[in-house]
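*Asks:* First the structure, which I've put down as structure tokens, then a few questions once you've had a look.
Throughout, read-outs are computed from the coordinates displayed, never taken from laboratory work. Fair warning: this is a prediction, and the values are worked out from it, not measured in the lab. Note that each Cβ is placed from the backbone with ideal geometry, even for glycine, and that neighbours are counted across all protein chains shown.
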Amino acid sequence: MPANTMTHDLRSPAWLESSIRYADDLYISDSEIAERLAKNPGAIQSLLSTIFASMSNRQLRETADSAERWMRDLILCEDEGPLPETLEDSKEGNYLLLHVVKNSRAKRMHFKNGQRTFRRQ
């Protein structure tokens with residue numbers, strides 16, 4: 001069987017093979033990725049659209065739930081005093097993540113018989 005052919009048998013070692021064919025062999029750290037994205041807003045928009053379009057509705061809800069828990073915890077921490085810079089960044093990141101998820105869900109929504117419904121993903 002060719003290396004890039006996937007099988008539906010979960011016991012198959014094919015599921016353990018890397019499916020990332022177009023990335024080079026270099027390691028790019030998260031901070032370097034962030035720097036490169038900061039220089040290119042169009043790349044950020046493309047990245048977010050690609051990531052969230054590929055997520056199921058359940059994955060979107062779980063991501064939003066996680067970000068919402070972080071936000072609540074960080075707000076409680078703020079009640080005790082100012083947040084360190086890293087936690088301020090985390091708060092802003094989770095706030096923006098919640099809005100990206102909300103936007104992604106809205107793109108899947110339509111009205112049918114006066115009720116909101118979401119297309120399956």
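*Asks:* What number results when the radius of gyration of segment 40-90, computed over Cα atoms, is divided by 2.2 N^0.38 Å?
*Replies:* Against the compact-globule rule of thumb, the ratio is 1.49.
*Asks:* For the ranges 91-97, 37-43, what's the packing order if you count other beta-carbon atoms within 10 Å of each residue, average per peptide, and put the highest first?
*Replies:* By packing density, highest mean first, the sequence is 91-97, 37-43.
*Asks:* Next question, about the same structure. So what is the relative contact order of segment 58-109, in percent, for Cα pairs below 8 Å that sit 6 or more residues apart?
*Replies:* It comes to 54 percent, rounded to a whole number.
*Asks:* Evaluate E = 1/(1 + (r/R0)^6) for S66 and N103, where r is the Cβ-Cβ distance and R0 equals 22 Å; express this FRET efficiency to the nearest 0.05.
*Replies:* 0.80
*Asks:* Here is a further query. Go through segment 57-63 residue by residue and turn each phi into a ³J(HN,Hα) via Karplus (6.51, -1.76, 1.60, θ = phi - 60°); whole Hz please, and just put x for glycine and proline.
*Replies:* 3J(HN,Hα) across segment 57-63, in whole Hz: 4, 5, 4, 4, 5, 5, 5.
*Asks:* Taking K102 as the anchor, which lysines have their alpha carbon closer than 20 Å to its alpha carbon, excluding any fewer than eight residues away along the same chain?
*Replies:* Those lysines meeting the cut-off are K91, K112.
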